[in-house]
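Asks: Have a look at the structure that comes next, please.
The values are calculated or read from the model by the stated rules, or taken from the named source; none is laboratory data. Fair warning: this is a prediction, and the values are worked out from it, not measured in the lab. Note: ideal-geometry Cβ built from the backbone for every residue, glycine included; neighbour counts use all protein chains shown. With ligands, DNA and RNA removed, areas are computed over all heavy atoms of the protein, side chains included. Shrake-Rupley method; radii C 1.70, N 1.55, O 1.52, S 1.80 Å.
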Amino acid sequence: MKLASLKDGRDGKLVVVSRDLTKATDVTDIAPTLQAALDEWDVVSPQLAARYELLNASQAESFDFDQASCESPLPRAYAWMDGSAYLNHVELVRKARGAEVPESFYSDPLMYQGGSDTFIGPRDAIVAADEAYGIDMEAEITVITDDVPMGVSADDAEDHIKLIMLVNDVSLRGLIPNELRKGFGFVQGKASSAFSPVAVTPDELGDLWQSTTIDLPLLVDYNGAPFGKANVKTDMTFNMAQLVAHAAHTRDLCAGTLIGSGTVSNKFEGGEGKKIEDGGVGYSCIAEIRMIEKIQTGEFKTPFMQFGDTVGIEMNDAEGKSIFGRIENVVEKYDGPHS
């Protein structure tokens, strides 16, 4: 099943989207918003799934699906927690500054809780006041849970994963170091994230959903050129169920909680990654290529995103068809608050 939220008020209007992403049908008679559906998932999801089957069989009233008219599937959420499932990414960051990765990182996931009140739409602009903030994309996968009990095991956590999305977890790299030096996490260094137009149920991925990860490349293009095609499953230290269990270790998670994988990152022949044009799978964020440049040459060469730059994030099935729709964000200058 594929679900989306059209721009309509603060929480969007829930629609079911056809498997090929061409058609959608209004399902507000079942649930007005995705959050409302998640609150009563056991009751509502069979009704949504039935409508989905009718839509794919051209037996439901429908309209053309426009990805540009979408909010993120959850325009705002009760919780957004982002992990770091790819230790290759962490290793590069540490190596670039001459630091070792603590052994505990390989058994105890890194995770922070980010702002979840103002997600941007999949085709909305990333706005920032200054290019010096170090504007960066981070291509990841994300899961949405139902109500998760405190202390859930990783095995049981899998049953609480109800939907899967892609995300551009926007980072302001120039602001993060000073925040981290305070020893109290970061807030200003993380701008509003953008999620894929469509959220899909795990069964929609079939055999590609293995051990709560996806055996497909996550495609990133930057200003129209291929930038990354790292495989989500490859080099993943913690799967999504393990991250959900980690988030719920000391508290219940509310239905509609989002858990991110962290930047998808693959090694190349056991070492640092390589650009696509050099035979590698590229990168899911600019920071990673900069870390490799620092390790190999002693200096950063690739700049972070500038005003007018565009990033695209997508995932295709084996036939080359988009599964989640396309995230496409252009960077724009913020001109101040409006009354």
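Asks: Suppose every Lys and Arg Cβ carries +1 and every Asp and Glu Cβ carries -1, with no other charges. What dipole size does the stretch 148-207 come out with about its Cα centre, to the nearest 20 debye?
Replies: 760
Asks: Another question, if that's okay. Any chance you could tell me what percent of the C-alpha pair distances in the chain go past 39 Å?
Replies: Cα-Cα pairs of the chain separated by over 39 Å account for 10 percent.
Asks: Still on this structure, please answer the following. Kindly write out, for the stretch 91-96 in residue order, the coupling ³J(HN,Hα) from the Karplus curve 6.51 cos²θ - 1.76 cosθ + 1.60 (θ = phi - 60°), rounded to whole Hz, with x marking Gly and Pro.
Replies: My calculation for the stretch 91-96 gives 4, 5, 4, 5, 5, 5 Hz in order.
Asks: What are the radius of gyration and Dmax of the stretch 166-300, computed over its Cα atoms and given in Å?
Replies: Here Rg and the maximum Cα pair distance are 16.6, 47 Å.
Asks: Follow-up. Beyond a 20 Å Cα-Cα separation, which of these cross-linked pairs lie in this structure: 95/274; 2/321; 275/301; 7/162; 190/275?
Replies: Cα-Cα > 20 Å for 7/162; 190/275; rest within.
Asks: Treating only the Cβ of Lys, Arg, Asp and Glu as charged (+1, +1, -1, -1), what charge dipole size does the stretch 1-103 show about its Cα centre? Round to the nearest 20 debye.
Replies: 360
Asks: Given 10 °C and 1.306 mPa s, how large is the Stokes-Einstein diffusion coefficient of the stretch 210-266 in µm²/s, with Rh as the Kirkwood radius over Cα pairs?
Replies: 122
Asks: Same structure, new question: Can you tell me the length gained on complete extension of the stretch residue 28 to residue 278, counting 0.36 nm per residue apart and subtracting the Cα distance?
Replies: 85.1 nm
Asks: Under 5 Å between amide H atoms, partner at least 5 residues away or on a different chain: which partners does residue 255 have, H built in plane at 1.01 Å?
Replies: Answer set, sorted by chain and number: 147, 148.
Asks: For the stretch 224-339, restrict the atom set to alpha-carbon positions and state the Rg and Dmax in Å.
Replies: Cα radius of gyration and Dmax of the stretch 224-339 are 17.5, 54 Å respectively.
Asks: Report the normalised scattering of the stretch 146-240 as log10 I(q)/I(0) at q = 0.10, 0.11, 0.15, 0.19 Å⁻¹, calculated by the Debye formula with identical scatterers on the alpha carbons.
Replies: -0.40, -0.49, -0.87, -1.16
Asks: Give me the angle, in degrees from 0 to 90, between the Cα long axis of helix 286-297 and the longest principal axis of the Cα atoms of the chain, rounded to the nearest 10.
Replies: Tilt of helix 286-297: around 20 degrees.
Asks: Another question, if that's okay. Please express the Cα-Cα pair-distance distribution P(r) of the stretch 1-156 as a list of whole percents, one per 5 Å bin, running from 0 to the bin with the greatest distance.
Replies: Pairs per bin, as whole percents: 2, 7, 13, 16, 16, 14, 12, 10, 6, 4, 1, 0, 0.
Asks: Let me check against my output: what whole-number percent is the relative contact order of the chain, with C-alpha pairs under 8 Å and at least 6 apart?
Replies: Result for the chain is 22 percent.
Asks: A follow-up question, please. Starting from 0 in steps of 10 Å, tell me what percent of the Cα-Cα pairs of the stretch 179-225 lands in each bin.
Replies: 17, 29, 28, 24, 2
Asks: In nm, to one decimal, how far is the residue 10 label point from the residue 130 one, both placed 7 Å along Cα→Cβ?
Replies: Here the answer is 3.1 nm between the modelled labels.
Asks: Helix 41-56 sits at what angle to the longest principal axis of the chain, using alpha carbons and giving 0 to 90 degrees rounded to 10?
Replies: 80
Asks: Quick check for me: using +1 on Lys/Arg Cβ and -1 on Asp/Glu Cβ, what's the dipole size of the chain about its Cα centre, in debye to the nearest 20?
Replies: Its charge dipole is roughly 920 debye.
Asks: Another question, then. Of all the accessible heavy-atom surface of the stretch 200-339, with the other protein chains kept in place and a 1.4 Å probe, what percent is carbon and sulfur?
Replies: Carbon and sulfur together cover 48 percent of it.
Asks: Can I ask one more? State the Cα centre-to-centre distance between the stretch 264-303 and the stretch 75-110 in whole Å.
Replies: Cα centroid to Cα centroid, the span is 17 Å.
Asks: Something else now. Suppose only helical runs count, i.e. DSSP H with n ≥ 4. What mean residue ellipticity at 222 nm does that imply for the chain under -39500 (n - 2.57) per run, divided by all residues and rounded to the nearest 500 deg cm²/dmol?
Replies: -5000 deg cm²/dmol
Asks: Over the stretch 40-148, what is the relative contact order in percent, taking alpha-carbon pairs closer than 8 angstrom and at least six residues apart?
Replies: 31
Asks: Give the calculated FRET efficiency between residue 179 and residue 293 to the nearest 0.05, with a Förster radius of 25 Å applied to their Cβ-Cβ distance.
Replies: 0.60
Asks: Over all pairs of distinct alpha carbons, what does the Kirkwood formula give as the hydrodynamic radius of the stretch 95-138, in Å?
Replies: 14.6
Asks: What per residue convex hull volume, in Å³, do the alpha-carbon atoms of the stretch 5-62 yield?
Replies: Spelled out: Cα convex hull of the stretch 5-62, divided by residues, is 73 Å³.
Asks: Short version: ³J(HN,Hα) in whole Hz for each residue of the stretch 316-323, in order, from phi by Karplus 6.51 cos²θ - 1.76 cosθ + 1.60 (θ = phi - 60°), x for Gly and Pro, what are they?
Replies: Here the 3J(HN,Hα) series is 10, 7, 4, 8, x, 9, 5, 8 Hz.
Asks: Give me the Å³ per residue figure for the convex hull around the C-alpha atoms of the stretch 85-223.
Replies: Taking the convex hull of the Cα positions in the stretch 85-223, it is 161 Å³ per residue.
Asks: In the stretch 100-183, which trypsin sites (Lys or Arg not before Pro) are in a loop and have at most 12 other Cβ atoms within 10 Å, using DSSP for the loop call?
Replies: Within the stretch 100-183, the qualifying trypsin sites (Lys or Arg not before Pro) (loop, at most 12 other Cβ atoms within 10 Å) are 182.
Asks: Let me ask something additional. How high is the relative contact order of the stretch 119-176, given as a whole-number percent (alpha carbon pairs under 8 Å, six or more residues apart)?
Replies: 46
Asks: Further question on the same structure: Write out the trypsin sites (Lys or Arg not before Pro) in the stretch 75-110 meeting two conditions: DSSP loop, and at most 16 other Cβ atoms within 10 Å of their Cβ.
Replies: Passing sites in the stretch 75-110 are 97.
Asks: At 7 Å along Cα-to-Cβ for each site, give me the label-to-label distance between residue 105 and residue 334 in nm.
Replies: So the two model labels end up 2.9 nm from each other.
Asks: In the stretch 229-291, which GluC sites (Glu not before Pro) fall in coil by DSSP and have 10 or fewer other Cβ atoms within 10 Å?
Replies: 269
Asks: Where Rh is the Kirkwood radius over the Cα pairs of the stretch 20-106, the temperature 20 °C and the viscosity 1.002 mPa s, what D in µm²/s does Stokes-Einstein return?
Replies: 127
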